[in-house]
Amino acid sequence: MIERKVVLITGGAGYIGSHTTLVLLRAGYKVLVLDNLSNSSYLSLKRVSKMTGTAPSFVHGDVRDRRLLDNLFRLNKVDSVIHFAGLKAVGESVNDPLSYYSNNTAGTVTLCQAMAAAGVCSLIFSSSATVYGNGATVPINEEQMADYPTNPYGRSKRMIEQILFDLARSNDKWSIGVLRYFNPVGAHESGLIGEDPLGVPNNLLPYLAQVALGKMPELPIFGDDYETHDGTGVRDYIHVMDLAEGHLSALTALETRSGVNIWNLGTGKGYSVLEVVQAFEAANGCNVPYRIVGRRPGDIAVCYADPSKAARELGWHAKLDLTTMMRDTWRWQTLNPNGYRD
Ligand code: NAD
Ligand code: UDP
């Protein structure tokens, strides 16, 4: 009998984590999720179990808890770790930087210490296009590290990347994938799992969907005076299922690679805020009232990926288009108007 590989997914109950758990279970992996549920619900994993007919094991706990991690690695023969757990709100990170350095940076150090002690050396880390800072030229390739990020969230991610490089230099047993995500959006096509932000959403798509649902009166568009074709900000939106598939490809690639491998996960296409609003309206036949307001501090005009390294080295590319992203966002939102809180 072939033994199924075991993957520990930290933050696996969250938005990207739950979709990746689904993809890995379907690919035949055994999945163990560790999550403190600070920004998610256990219901996401219950739905994943229903969708796959297989339940991931679940440990309710914190990635900074070394004793818990040691027990977890002692009781389970883990082959690889995918590390999503962390905080992700840029604005909150400015007001509460220590929580970001604690959950994100210190959390990753504790996880790596426990992995090293247990002899588990295969790690995929969730990084972000935010590590490129403001000076990068589009399309952004993995070599461009012109500026240091301008906020504590971005700095916590960039610090982790540097720590991982040092770790891999210290011992060639490590195989590390650093995945720099562009703008994850959308939901699984069933509408059963999706993004469930607490309180007022920070990101464009969840905000836009709540306006379309009538929960918010209008979408504020942060500036129409950028140097872009219509003046609004341009981003590389990527469907969360494509992103989840990217983790599966990276996991397989790490079996034959060592050191730190950085891959952009994006589509390589940029869309403006106004184009996203129009695409959402056209895909879903609904109206999204908006108002142009001032620029949001820290925003840049244009950001999209050069995804060719991932295509070359992982054989992965994003397949789902903007219309699919809009439809799937709306299906999730209409089926679950209060997210997982019903
Ligand atoms: P999310 O908040 O939905 O998921 C993160 C999960 O980690 C949550 O379930 C939360 O409860 C858990 N968590 C947080 N701190 C923890 C801790 N100390 N111990 C254990 N669990 C903890 O966010 P997401 O959008 O799924 O993002 C996943 C990862 O991807 C994060 O590291 C994020 O920084 C990164 N990322 C996200 C985006 C995005 O736009 N969503 C973009 C780039 C990078
Ligand atoms: N944006 C907007 N209104 C909102 C939220 C976002 O106009 O309510 C714009 C934002 O200025 C950026 C784009 O939408 O140009 C994507 O923002 P988001 O916060 O989703 O992701 P970011 O690229 O900032 O990580």
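The values are calculated or read from the model by the stated rules, or taken from the named source; none is laboratory data. All of these numbers come straight from a predicted model, not from anything done at the bench. Please note: Cβ atoms are built from the backbone with ideal geometry, for glycine as well, and neighbour counts cover all protein chains shown. Keep in mind that these areas ignore ligands, DNA and RNA; they rest on the heavy atoms of the full protein, side chains included. Shrake-Rupley method; radii C 1.70, N 1.55, O 1.52, S 1.80 Å.
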Zero-based 10 Å bins, Cα pair distances in the chain, whole percents: 6, 26, 37, 24, 7, 1, 0
Cβ-placed point charges (K, R +1; D, E -1), dipole of the chain about Cα centre in debye, nearest 20: 1080 debye
Relative contact order (%) - criterion: Cα under 8 Å, at least six apart; region: the chain: 18 percent
Set of aspartates and glutamates near K30 by C-alpha distance (under 14 Å), chain-local residues within fewer than 8 positions excluded: E3, D79
Separation of alpha-carbon centers, region 283-340 and region 133-199, rounded to whole Å: 17 Å
Extension reserve of the C286-K173 stretch, reckoned as 0.36 nm per residue once the Cα distance is removed: 35.4 nm
Of all accessible heavy-atom area on the chain, the percent that carbon and sulfur account for (1.4 Å): 50 percent
Helix 240-253 axis, angle to the chain major axis (alpha carbon atoms, nearest 10°): 30 degrees
Efficiency of FRET from Cβ geometry, K77 and E255, R₀ 22 Å, rounded to 0.05: 0.85
Gaussian network model of the chain, Cα within-10 Å springs - most flexible of G246, G17, G28: G28
Accessible area of region 1-59 divided out per residue, in Å², using a probe of 1.4 angstrom: 43 Å²
Rounded to whole Hz, the Karplus (6.51, -1.76, 1.60) HN-Hα couplings of region 47-57, x for glycine and proline: 5, 4, 4, 5, 5, 9, x, 9, 9, x, 6
Ranked order, D62, D172, D70 - accessible area, probe 1.4 Å, largest first: D172, D70, D62
Residues with amide H under 5 Å from that of I9, placed H, sequence gap 5 or more: L32, V33, L34, I82
Exposed GluC sites (Glu not before Pro) absent - longest run of the chain, DSSP non-H/G/I/E/B, at most 10 other C-beta within 10 Å: 4-142
Surface per residue (accessible, 1.4 Å probe) for region 179-318, Å²: 41 Å²
Cα-Cα over 26 Å, subset of K46/K173; K88/K173; K5/K46; K77/K157; K50/K88: K46/K173; K88/K173; K77/K157; K50/K88
Area accessible to solvent at C112, 1.4 Å probe radius, in Å²: 10 Å²
Amide H contacts under 5 Å for S128, placed H, 5+ residues apart: Y181
Cleavage-rule hits, trypsin sites (Lys or Arg not before Pro), region 258-342, DSSP coil, Cβ neighbours within 10 Å at most 10: R341
Chain lengthening between T52 and I2 when straightened (0.36 nm per residue, less Cα-Cα): 16.0 nm
Point-to-point label distance, E143-S38, nm (Cα→Cβ direction, 7 Å offset): 3.7 nm
Full-extension gain in nm, D321 to E189, via 0.36 nm per residue minus C-alpha separation: 46.2 nm
Dipole of region 40-109, positive end: most advanced residue of T105, V48, L69 [Cβ charges, Cα centre]: V48
Magnitude of the charge dipole, region 43-109, Cβ model with Lys/Arg +1 and Asp/Glu -1, debye to 20: 340 debye
